[in-house]
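In what follows, a structure is listed as structure tokens, so that the remarks can point back to it.
The values are calculated or read from the model by the stated rules, or taken from the named source; none is laboratory data. Since we're looking at a predicted model, the values are computed, not measured. Cβ: placed from backbone, ideal geometry, glycine included. Neighbour counts: every protein chain shown.
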Amino acid sequence: MASLSLFSWARRALCGPGAALLLGGALVLAAAAPTAASAEGPTASSPEALGLAEPPALAPPDAPSALAEAERIAKGLRCPVCQGLSVADSNADAARAMFARIHELVQLGYSQEQIEAYFVDRYGAWVQLAPPAEGLHWLLWVAPALLVVVGAGIIGLRGRGEAPIAPASAPPPAADAADARRRAAILAEVGGDDR
């Protein structure tokens, strides 16, 4: 019951006359924020505003080559939403936003290493489809081959140590006289013939 009254209070506060005051205050703050930031903060294309530590390493490319470079970089980065798809191959909103950011950074002249470092800084090394073979990541490159070698060694050692398998047509063990009498009695009881 308390949650219902809390919900009702929130709905009245957001849908009633108080909502206009909240919206008006938010608009005033939003209108004043860009003026204050531009007066003392970094510009929109500065490395600090883009979240990068250093300026672009390259000269800005022309539009077609910038798009091709952005697609090439996007093929090496993982979509944060999809399972195993690159940013270039995914249609998710997050992948499209990442591609737009990659394209923007390429147009400003940032190198592939700078762009990958930008995304690794935000998402971790997981964002790279092919992680670098350094640190603990080398294990990702060595583990498949190591598993094949260990598996082949185990199979080879097991196969060498076993005794040969007996042929399937081994003769049945010889029955003694007591077994023969019991068998004859059972067959006589059920009406079967003795083969």
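Quick look at the values:
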| quantity | calculated |
| --- | --- |
| Any hit, the range 59-68, residues being under 14 Å from Glu116 (Cβ atoms), outside any loop (DSSP other than H, G, I, E, B) and modelled with pLDDT of 90 or more | no |
| The lone exception for Leu136 - which of (1) closer than 17 Å to Val87 by Cβ; (2) in a helix (DSSP H, G or I); (3) modelled with pLDDT under 85 it fails | (1) |
| Restricting the range 109-130 to residues that are hydrophobic (A, V, I, L, M, F, W, C) and surrounded by 19 or more Cβ atoms within 10 Å (Cβ to Cβ), the residue that is nearest to Ala63 (Cα to Cα) | Ile115 |
